[in-house]
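The values are calculated or read from the model by the stated rules, or taken from the named source; none is laboratory data. The structure displayed is predicted, hence computed values, not measured ones. With ideal geometry, Cβ positions are generated from the backbone for all residues, glycine too; neighbour counts draw on all protein chains shown. For the accessible areas, the whole protein counts, side chains as well, though only heavy atoms, and no ligand, DNA or RNA atoms are used. Shrake-Rupley method; radii C 1.70, N 1.55, O 1.52, S 1.80 Å.
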Amino acid sequence: MRIIDPHMHMVSRSTDDYQRARQAGIECCIEPAFWSGQDKRHAGSFFDYFEQIIEHETDRAERVAGIDHYVTIGLEPKEANYPEMAEEVLERIPEYLDRDPVVGVGEIGLDQDTEDEREAFRRQIRMAEERELPVIVHTPHTDKPEGTRTIVDMIQDEDVTEERIIIDHNTENTIDTSLETDCYVGFTLYPGKIADEKAIDLLEEYGTDKMILNSAADWDPSDPLAVPKARDKMLDRGWDREEVRKVVFDNPYEFFDQSPNFDHER
């Protein structure tokens, strides 16, 4: 069964991980710009990083594993708290949004829920709205229910197209808030976010419309095969194959197909 993983930080993974992912059925991945494990100190660090995931990782994924690799570009909330640097980055993000493998804005959202984070979030969802691009939203690790409520309130206050937004890293404590919107709802199969069994429980309870599974493979303990493994667990539980395909391929395909630069063959 074909898989699109919409949240793979492959800049942090080995070539072997690309090959294993392809063998497990992942034909397409989206790599969001994210916090790299240490705060960047200079705006130029962002621009070098953006170039690396746009150029090198897109080439590496195709060359070593035949995976279609796309990118979203954004100022991650943790680093929005350096206002002078953040301003320089935000001013240049629009030029990256026109690059060929860039299919959206992200990941953006909240970390500590500061005023600087909120302002960066609002500016970037407006950038996406102006260009009709999808958005990947990061809900915070701490005070997640309150942070998700704040994010939903800002999305509704900005009056942007909710169907082009995925609210990610949901848990049983945030899903009801996310479902107050027309946004897509993401579950990140990753230690400290949500276990695959719990995510599948929630899919059984809430249905599969606009629901997406992703892996968030990065430098910490994580698994680039998290989505294929969840697919197999769903099948083992007796899920209909078409419903499983909807979660692991059709929904992420339809979400990113809203971007003019997404041309993965269905």
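What value, in deg cm²/dmol to 500, does the helix sum -39500 (n - 2.57) over DSSP H runs of n ≥ 4 give at 222 nm once divided by the residues of the chain?
-12000 deg cm²/dmol
Need the list of lysines near K233 for cross-linking: C-alpha distance under 22 angstrom, and skip anything on the same chain fewer than eight residues off.
Hits, sequence-local ones excluded: K193, K198, K210, K246.
Sort 209-216, 257-264, 159-166, 57-64 by packing, meaning the average of other beta carbons within 10 Å per residue, with the highest value first.
209-216, 159-166, 57-64, 257-264
Apply the Karplus parameterisation 6.51 cos²θ - 1.76 cosθ + 1.60, with θ equal to phi minus 60°, to every residue of the range 30-42 and state each ³J(HN,Hα) to the nearest whole Hz, in sequence, with x for glycine and proline.
10, 10, x, 4, 8, 5, 8, x, 8, 4, 6, 9, 9
Residues with beta-carbon under 15 Å from that of E197, excluding E197: net charge, scoring Lys, Arg +1 and Asp, Glu -1?
Local charge sum for E197: -2.
By the scheme Lys and Arg +1, Asp and Glu -1, what is the net charge of all other residues having a beta-carbon under 12 Å from that of P228?
Taking every Cβ under 12 Å from that of P228, the sum is +1.
With a 1.4 Å probe and all protein chains left in place, how much accessible area per residue does the range 55-196 have, in Å²?
39 Å²
Inverting the mean 1/r over all pairs of different Cα atoms, compute the Kirkwood radius of the range 133-266 and quote it in Å.
Kirkwood radius, the range 133-266: 15.2 Å.
Given a 1.4 angstrom probe, I'd like the percentage of the accessible area of the chain that is carbon and sulfur, rounded to a whole number.
40 percent
Rounded to the nearest 5, what % of DSSP beta bridges with both residues in the chain are antiparallel?
5 percent
For R92 and M1, FRET efficiency with R0 = 45 Å and r from the beta-carbon atoms, rounded to 0.05?
E(calc), rounded to 0.05, equals 0.70.
I'd like the distance between the alpha-carbon centres of the range 183-213 and the range 97-161, rounded to an integer number of Å.
Answer, in whole Å: 20.
Under a crude label model (7 Å from the Cα following the beta-carbon direction), how far is L235 from D100 in nanometres?
Here the modelled spin labels are 3.4 nm apart.
For the pair R266/D143, report the inter-label distance in nm, with labels modelled 7 Å from Cα in the Cβ direction.
Label-label distance for R266 and D143, simple model: 4.2 nm.
If we count every other residue with Cβ under 13 angstrom of E91's Cβ, Lys/Arg +1 and Asp/Glu -1, where does the sum land?
Net local charge, E91 excluded: -2.
If I ignore ligands, DNA and RNA and count only protein heavy atoms, how much of R237 is accessible to a 1.4 Å probe, in Å² to the nearest 10?
90 Å²
How would you order 10-18, 186-194 from highest to lowest mean count of nearby Cβ atoms within 10 Å?
186-194, 10-18
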